[in-house]
Every structure is written in C-alpha cells, then in structure tokens.
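Nothing in this text is a laboratory measurement; each read-out follows from the coordinates by a stated rule. Everything numeric here is computed off the predicted structure, so don't read it as measured data. Cβ coordinates were reconstructed from backbone atoms using ideal geometry, including for glycine residues, and neighbour counts include every protein chain displayed.
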Amino acid sequence: MQTNKNIVVKKFGGTSVGTLERIENVATRVLRDHTEKGESPVIVVSAMSGETNRLVRLANDLNPYYRGPAYDMLLASGEQVAVALLTIALEKKGAKAAPLLAHQVGIQTDAIFSKARIRSIDTTKIQALVERGVIPVVAGFQGVTEDDQITTLGRGGSDTTAVALAAALKGSACEIYTDVPAVYSADPRLVAKARELKTIAFEEMMEMASVGSKVLHFRAVEIAAKYNIKIHSRSSFEDREGTWVMAEGNMLENPVVSSVTHDPATVVIKLNPVPAGAGFLADLFGRLAEKNVVVDIITQSASEKSGKSAEGWQRLHFSIPEEDLAQTEKILHEILKAETEVTILREMAKISVIGVGMKNHPGVAARFFKIFKDHKVDVHLVTTSDIKISAVIDKSQLKEVAEALHTEFDLDA
Ligand code: ASP
Ligand code: MG
C-alpha cells in the first residue's frame with residue numbers, strides 16, 4: 001500500500017481564487033510543486049472573494065432571521081464555483097483533476113446549520129484519485145449531514161476542511177495559502193510596526209482566532225493541535241515561507257506576549273436588572289447557545305437600580321459578535337420582562353494580548369492596564385485566561401491602544 005508521505009493538503013482562500021487569472025496562477029503553482037517537490041496535492045478551495053458575503057446579503061435581504069438548510073445550501077454554492085473553475089484550470093494545463101463537493105467526498109457533519117462540525121471524513125475516494133495521479137479539488141466550508149443535507153462550517157471554515165482532511169489523510173502538515181504572507185504580531189492595518197512571526201504555538205493561534213483574528217478558523221487550529229498537524233500559513237502571491245503554527249514544545253522561543261490582537265465587531269449588552277441566581281442565566285445562555293450565539297465575556301453584579309431593592313436582582317453585562325446581534329435581540333425580547341433596561345453598546349472592540357510566555361511571567365496584567373490608564377481609555381469588560389488578557393473598549397480608541405500595547409510588550413518591528 002502506498003504511504004501518504006507525499007500527500008500535501010493545500011488550501012487556497014477566497015482572494016487566492018478571486019479572479020480567473022489568480023485561479024490559473026494557483027494551478028501553475030500547484031503543478032510546479034508537484035513536479036519540483038514530488039508532492040501529491042490535495043486541494044481545498046474557498047469561494048471567490050466577496051462571493052460568500054454576496055450570498056449572505058441575498059439571504060438577509062429576504063429574511064435576516066432565517067437560518068437553516070436553505071441558508072447553508074445557498075452559502076455553500078460559492079465553493080462549488082471555485083472548485084469547478086480550478087479543476088478546469090488544472091486540466092487546461094494538462095493535469096488530471098477531479099472536482100469534489102463535500103457529499104461526494106464524504107465530509108460528514110452534525111446538523112447545526114451555519115456552524116456545523118465535522119464528524120468524519122471518508123478518504124477512500126481521495127486516496128484512490130491520488131493513487132491514479134489525479135488531483136482532488138475539494139470544496140471547503142461545506143459538509144453533509146447523515147440525511148444528506150448540505151451544511152456549512154461557519155465563516156472562514158475552509159481552513160477547517162483543509163486541516164481535517166490533512167488529519168484524516170494522516171498527514172503531518174497542511175498549507176493554507178492566503179492574501180497575507182504571514183501571521184503578524186498585530187494586524188498591520190492597525191499597528192504600523194507589526195512584524196511577521198516565524199512560528200506561533202497552537203494555543204496562541206487558538207486564542208488569536210477566538211478573539212477575532214481572521215487569519216485562521218478557530219476549529220482548524222483546534223483540530224491541528226489535537227492531531228499535531230503543523231499549519232503553514234503563507235502567501236499565495238509570493239513564493240516564500242510564511243508562519244508555522246505548531247506545538248509549543250517545538251518553538252525556539254516564547255516571548256511573554258507574542259501578539260496584540262483585536263476584534264472590531266463586538267457588541268456589549270447590559271441588562272439591568274435581571275433576576276438573581278443561576279436560573280435566569282441558565283435560561284438566557286441556554287437559548288443563545290441553541291442558536292449558536294457565542295457569548296464571549298460575561299460579568300454580573302448586584303443591581304443598583306434605584307427604586308428596586310438590590311436583593312433578588314442583578315446586573316448582567318456580556319459581549320457577543322456583532323453578527324449575532326439580531327438573533328440575540330430576538331431572544332432577549334422573548335424572555336425579558338418590562339422592568340429590565342436593555343442597553344446595547346455598538347461600535348465596541350475587543351483588544352487582547354496573547355502569549356504562552358505569560359504562564360511563567362507575572363505582571364502582564366499590570367502593564368496591560370497601565371496603558372489604558374495612561375491613555376484614559378474606559379474599559380467596559382475584561383477577561384483573562386492563562387495566556388491572554390482582553391478588554392472591550394470603544395472602537396474609536398482601538399488603534400491608539402493597540403499601538404501602545406505593541407510597544408509596551410516589545411513587539412515593534
Ligand atoms: N467562503 C467561506 C467564507 O467566506 C469559507 C471560507 O472562505 O473559508 O466564510
Ligand atoms: Mg479564511
């Protein structure tokens with residue numbers, strides 16, 4: 001039996017296949033690596049850039065509350081186009097390629113529409129194609145349920161398809177081609193002195209993904225960590241090394257803080273008062289979870305609402321991604337009584353510092369908050385983990401704070 005040594009899963013993002021010319025460039029590059037490095041490529045592609053957003057708009061214009069099989073079917077269609085075009089481009093250059101949608105591969109997911117999770121991948125067909133010298137071109141972002149419904153894995157989910165496929169094929173690495181040449185210590189559009197990282201730990205990358213860095217899909221990194229698949233995040237336009245996402249133990253150095261990241265699309269919701277005790281919280285967060293709304297930071301404290309005794313009541317503040325606001329408002333409407341005042345703070349941003357080195361270095365929080373004090377920035381919510389500290393602030397102050405933190409933690413290029 002042939003080993004999987006030369007199989008390399010290569011994922012191309014939306015901008016990498018954004019035009020026919022770029023699709024042809026991808027085909028050329030894949031075939032060159034095949035010839036020069038002896039790789040057997042398995043390709044995963046995203047929809048052409050802007051396409052998924054366009055499809056989301058169409059659905060929302062009809063009904064912003066609809067989520068379900070038809071929504072996923074609609075969104076998944078973008079990848080179908082890209083897969084077909086790249087296959088045509090590869091064949092035009094003399095290669096043999098096979099276009100594959102998720103149901104044709106056998107990428108099984110659960111039935112949580114819009115945020116489905118991969119349960120299993122059948123590699124039989126892909127292996128057979130590779131053995132015959134055919135390049136499988138697989139649609140990212142989509143899956144199929146047990147009863148043949150099309151699902152999608154959440155925005156940015158093509159990364160997850162690629163890493164899951166690499167794991168299923170028992171590979172040790174996965175290439176993710178994108179429009180940025182590397183993972184940076186901060187978003188260069190926000191922090192001019194951001195620098196490229198050669199390596200970053202799975203754990204750090206997961207934190208970055210969860211605080212809104214759009215570099216890699218969270219689930220992709222989670223799967224990579226679980227199956228120890230190194231992710232090489234690199235440019236599809238430049239021919240050079242990017243950033244390796246790998247196990248912490250393999251990295252040469254762990255700075256105290258390796259990145260300053262932000263999420264510019266956060267909404268803070270303040271409820272005052274709500275019934276004290278876990279019953280109300282369980283009900284609210286249970287309903288949000290059912291709709292797959294990811295509640296981020298939660299704080300509660302005794303209510304100070306005048307005219308009402310604080311006993312039996314509490315204040316509740318939490319943050320959610322902007323995209324989940326409509327769903328959340330609907331749920332609040334269903335369960336809140338008239339006495340609860342709802343304040344929604346839009347135009348919020350979450351700023352975080354992340355680093356595995358924090359585990360062994362005290363004093364990071366003190367340095368973090370000193371920056372806010374020096375810059376007279378109000379902090380609406382705070383949260384920490386052993387390798388991350390985050391604060392929600394007004395979006396208008398984001399740039400100033402991000403730059404100051406980047407300098408404070410010795411990250412400037
Ligand atoms: N096309 C999908 C999106 O835009 C999936 C992806 O690009 O990874 O979210
Ligand atoms: Mg992406």
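Relative contact order for segment 162-306: what is it in percent, counting Cα pairs under 8 Å that are at least 6 residues apart?
That works out to 26 percent.
Per residue of segment 8-23, what does 6.51 cos²θ - 1.76 cosθ + 1.60 with θ = phi - 60° give for ³J(HN,Hα)? Whole Hz please, x for Gly and Pro, Karplus curve as stated.
For segment 8-23, the Karplus-derived couplings read 10, 7, 10, 10, 10, x, x, 6, 5, 10, x, 9, 4, 4, 5, 4 Hz, x marking Gly and Pro.
Round to the nearest 10 and give me the degree value, 0 to 90, for the angle of helix 158-168's Cα axis relative to the longest principal axis of the chain.
Approximately 60 degrees, to the nearest ten.
Can you give me the C-alpha center-to-center distance between segment 134-176 and segment 16-85, rounded to a whole angstrom?
Result: 12 Å between the Cα centres.
Rounded to the nearest 10 degrees, what's the angle between the helix 364-374 long axis and the longest principal axis of the chain, both from Cα atoms, 0 to 90?
Result, in degrees: 60.
Pairs of alpha-carbon atoms within less than 8 angstrom and 6+ residues apart define the contacts here; what relative contact order does segment 217-264 have, in percent?
Computed value for segment 217-264: 26 percent relative contact order.
Quick check: the distance between the Cα centres of segment 360-408 and segment 191-225, to the nearest angstrom?
19
Would you mind counting up the charge near Lys330? Only other residues with Cβ under 11 Å from its Cβ, with Lys and Arg at +1 and Asp and Glu at -1.
Net of charged neighbours comes to -1.
Any idea what the relative contact order of the chain is, in percent, if you count C-alpha pairs under 8 Å spaced at least 6 apart?
Over the chain, the number comes to 14 percent.
Determine the percent antiparallel among the DSSP beta bridges restricted to the chain, to the nearest 5.
So the antiparallel bridges in the chain amount to around 65 percent.
Report, in deg cm²/dmol and to the nearest 500, the calculated mean residue ellipticity at 222 nm for the chain, where each DSSP H run with n ≥ 4 adds -39500 (n - 2.57) and the sum is divided by the residue count.
So the calculated ellipticity at 222 nm is -10500 deg cm²/dmol.
How much net charge surrounds Gly277 when only the other residues with a Cβ under 12 Å from the Cβ of Gly277 are counted, with Lys and Arg +1 and Asp and Glu -1?
Surrounding charge for Gly277 is -2.
Share of antiparallel DSSP beta bridges in segment 1-144, in percent to the nearest 5?
20
Can you tally the net charge around His262? Count Lys and Arg as +1, Asp and Glu as -1, for every other residue whose Cβ sits under 14 Å from the Cβ of His262. Before the final figure, lay out the partial values.
Details: positive: Arg189, Lys214, Lys350, Lys388, Lys395, Lys399; negative: Asp187, Glu207, Asp263, Asp296, Glu322, Glu347, Asp394, Glu400, Glu403.
With Lys, Arg at +1 and Asp, Glu at -1, the net is -3.
Helix 278-290: angle to the longest alpha-carbon principal axis of the chain, degrees 0 to 90, nearest 10?
It is inclined by approximately 30 degrees.
Provide the three semi-axes, in whole Å and in decreasing order, of the ellipsoid equivalent to segment 1-118 as defined by the square roots of 5 times the Cα gyration tensor eigenvalues.
Taking √(5λ) for each eigenvalue gives 30, 18, 10 Å, largest first.
Taking a threshold of 18 Å on the Cα-Cα distance, which of the pairs Lys10/Lys193; Lys359/Lys395; Lys11/Lys214 fall above it?
The pairs that break the limit, which is 18 Å between Cα atoms, are Lys10/Lys193; Lys359/Lys395.
Can you order the peptides 328-338, 148-158 by their average number of other Cβ atoms within 10 Å per residue, highest first?
148-158, 328-338
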